[in-house]
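This report refers to the structure that appears directly beneath it.
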Amino acid sequence: MTDRLVLGVDLGVSGARAAVMDGRARIVASGARFAVPTRSSFGRAEQAPSAWIEAVAAAMADALAAAPGAAIGAIGVSALGPAPVLVDDALAAVAPALLFSQDTRAEAQRRALCIQLGLRDDELNHDHAIPKLEWWRECDPERFERASLVMDATGFIVAQLTGEPTMDTITACDYALPGVSCPLPLPPVRDAYSVAGGLTPAWAARIGLSPGVPVMAGTYDAYADTAAIGATHLGDGCVIFGSTLIIGAILERAPADMFGMVAAPHLGEGVMVGGWTATGGSALGWARRLLGAPDEFEDALETAAGALPAGAGGLLFLPYLTGERSPVHDPDARGVVLGLSVDTRPEHLYRAVIDGVALSVRDHAERLRALGVAPALWRGGGGGARNATLVRATSDAIQEPLEIAADAGAPIGPCRIALRGLGIDPPVTIVAVVEPDPAAAERVDRLYAIYRSLYVPLAGSMHDLTDLNNSTGGGR
């Protein structure tokens with residue numbers, strides 16, 4: 001082992017993954033702990049920061065145990081977010097963390113701020129942290145008063161590892177609004193690739209390292225992942241197939257009309273313009289559980305669905321299972337399966353869910369095209385990139401080749417943050433290029449036209465059903 005080895009850890013909604021990577025961006029060892037429960041009901045989606053730390057510690061220890069004697073030169077961190085964490089003077093969390101747009105309890109506060117500041121939903125969306133902090137201040141003042149500052153998930157993990165409170169410059173954008181002060185102080189703001197501090201003796205003993213290993217400030221998993229697959233230059237396009245989807249293109253500046261998308265700084269040139277959906281791989285997981293299929297997607301159901309064309313069985317799926325972020329920005333949107341009949345088979349339904357996720361990528365790609373944006377390349381990554389049916393459906397949906405980066409599903413984003421912190425930036429390895437099927441283009445175009453026609457006329461009914469469910473207890 002050499003001192004060019006790094007340790008990366010990523011926290012997602014379901015748990016933590018860690019990996020040891022060498023200076024050529026090769027995974028040496030890995031570990032994972034998927035044991036972070038989400039408390040959810042009636043617009044609530046929260047997790048205990050203490051559960052994050054347990055999962056992160058276990059995943060890191062597992063990865064290091066699989067690489068005995070590894071001389072780790074740096075540690076990188078990425079995590080879900082925005083997920084505000086209220087912390088006290090001892091850097092201990094005093095409340096659960098509210099999960100980005102999945103927790104909608106701050107909708108009244110968000111709407112009030114939109115009216116006050118004259119902002120659209122895409123300018124102050126449901127992910128933004130300030131409405132959630134206002135909700136804490138109004139609805140749980142006792143815990144709010146105990147907090148001395150606010151961090152997000154990545155910064156909270158880094159603070160536990162180093163004893164140094166931190167927030168990266170990208171995350172800090174979700175804690176800022178023109179003309180509005182953040183309800184709680186922020187920690188020191190640092191570049192994602194900068195050193196936040198050294199690993200504390202307690203954490204070193206806990207995971208099996210020497211104290212003082214530099215820990216980078218890190219950032220959201222979305223930006224760590226897009227940078228890790230090489231989507232950092234003007235003209236690049238990317239699709240991250242995670243529990244949620246990330247679809248974006250790198251532009252020099254944000255356009256005046258976003259067509260429902262969002263623009264944000266990222267770990268590269270210009271700004272990333274695109275969207276973050278509420279469901280992606282999680283929709284496929286939901287369908288597989290509903291149909292009694294195993295979690296892994298190498299089975300008879302996957303094979304049967306992969307052999308079907310888009311829209312098989314006359315089905316179409318709108319993947320708004322937990323509301324939707326971009327492009328409709330509606331937390332009360334809900335999923336729709338259109339076209340059910342007595343002839344519907346499980347593989348038809350599963351194929352419809354795959355198509356619905358792929359069409360949500362198409363929805364963003366079409367909005368980018370409306371801005372005159374044609375990415376020079378589309379590159380894919382994330383755990384869902386291992387699902388050949390989903391990747392093919394996505395390439396067919398956007399009618400563009402899709403390059404797939406190596407180590408899909410591994411926490412390569414935080415590992416590469418650690419490498420960059422050491423001044424190492426190895427090239428990205430492409431393991432596959434998926435070409436669209438020209439014969440599928442007309443069928444997908446027709447399916448997409450129906451997809452785009454559904455939300456507006458159904459939105460009112462979605463909201464009424466959400467209100468009914470909330471007011472009657474939902475039959476739980």
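Quick notes
Yes/no per residue for (1) touching a Pro at 6+ places or on another chain (Cβ under 9 Å); (2) within 26 Å of residue 301 (Cα to Cα):
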| site | (1), (2) |
| --- | --- |
| 414 | no, no |
| 435 | yes, yes |
| 438 | no, yes |
| 458 | no, no |
| 470 | no, no |
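- Selection status of residue 78, surrounded by fewer than 20 Cβ atoms within 10 Å (Cβ to Cβ) and in contact (Cβ under 8 Å) with a residue 60 or more places away in the chain: no
- A residue that is among the hydroxyl-bearing types (Ser, Thr, Tyr), in contact with an Asp or Glu (Cβ under 7 Å, 6 or more places away or on another chain) and assigned by TED's automatic domain parsing to the domain that holds residue 52 can be found somewhere in region 139-155.
- Only one of the listed residues (32, 25) is of a type in the set (A, V, I, L, M) and assigned to a loop (DSSP other than H, G, I, E, B). That residue is 25.
- Qualifying residue in region 352-361 (condition: surrounded by fewer than 17 Cβ atoms within 10 Å (Cβ to Cβ), assigned by TED's automatic domain parsing to the domain that holds residue 313 and over 20 Å from the mean Cα position of the chain (by Cα)): no
- Those residues of region 338-378 which are assigned to a loop (DSSP other than H, G, I, E, B) and of a type outside the set (Ser, Thr, Tyr), in sequence order: 339, 340, 342, 343, 345, 371, 372, 373, 374, 375, 376
- Which numbered condition residue 461 fails, given (1) over 27 Å from residue 381 (Cβ atoms); (2) surrounded by 13 or more Cβ atoms within 10 Å (Cβ to Cβ): (2)
- Residue ID - surrounded by the most Cβ atoms within 10 Å (Cβ to Cβ), chosen from residues in region 305-321 that are assigned to a helix (DSSP H, G or I) and under 26 Å from the mean Cα position of the chain (by Cα): 305
- Residue identified as crowded, with 20+ Cβ neighbours inside 10 Å and in contact (Cβ under 8 Å) with a residue 60 or more places away in the chain among 47, 102: 102
The values are calculated or read from the model by the stated rules, or taken from the named source; none is laboratory data. All values reported here derive from a predicted model rather than from experimental measurement. When we count neighbours, we look across all protein chains shown, and the Cβ atoms used for this are built from the backbone with ideal geometry, even at glycine.
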